[in-house]
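Asker: Before I ask anything, here is the structure I am working with.
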Amino acid sequence: MDHAQYEKILSNAIDKEIESQKFYQDVATHMETRLLKEMFLGFVREEKRHENILRKILSAAPERLPFRETHDYKVAETQAVPEVSPNMKPADAFALAMKKEEEAMNTYMALANGCTDTEQKNIFLELAAMEREHKFQLEKAFVETGYPEAW
């Protein structure tokens, strides 16, 4: 991986964190339940924190990058995500958000798996763990919202 590829991967990850912030903010405005609104606003704050971590890594990128050259990162693999709509049901918002968190988690795991710098690898693993936790919270909310009989 050359420096330009590394910068592009990190820039794309930053863009996705910003996109997630906007997505969660939009979803929060459509939630009528205070608890759900607060949950999505909490995700906005977390994604902003992730953005700041990535910006710090990008600004301190060394000339010689800490990645194995032969590793397949699969960072470019993305899924089309429908837009948030005013008529979106909470279960649909959760399903969409789960997919976004899964994508972010997979991106950070791929970066961690290819990273040879222990400090950066740990940062990517921490980001992946945060996204995994978001995914878990959303899956739980999805089951509770999508399947009220589970309440």
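Asker: Using each residue's phi in segment 122-139, evaluate 6.51 cos²θ - 1.76 cosθ + 1.60 at θ = phi - 60° and report the 3J(HN,Hα) Karplus result to the nearest Hz, with x for Gly and Pro.
Answerer: Values per residue, Gly and Pro as x: 5, 5, 5, 5, 5, 4, 4, 5, 5, 5, 4, 5, 4, 4, 4, 4, 5, 4 Hz.
Asker: Using a basic spin-label model with each label point 7 Å from the Cα along Cα→Cβ, how many nm lie between residue 18 and residue 59?
Answerer: Label at residue 18, label at residue 59, 1.5 nm between them.
Asker: What is the packing order of peptides 96-103, 115-122, taking the mean over residues of other C-beta atoms within 10 Å and listing the highest first?
Answerer: The densest-packed peptide leads the list: 96-103, 115-122.
Asker: Set the Förster radius R0 to 30 Å, insert the Cβ-Cβ distance between residue 25 and residue 95 as r into 1/(1 + (r/R0)^6), and round the FRET efficiency to 0.05. Let's see the in-between values first.
Answerer: On the way: r = 18 Å, r/R0 = 0.60.
My answer for the efficiency is 0.95.
Asker: Taking H as built 1.01 Å from N, whose amide H comes closer than 5 Å to the amide H of residue 117, not counting residues under 5 places away?
Answerer: none
Coordinate-derived values only; no laboratory data. These figures come from a predicted structure and were not determined experimentally. Positions of Cβ are backbone-derived with ideal geometry, glycine not excepted, and every protein chain shown enters the neighbour counts.
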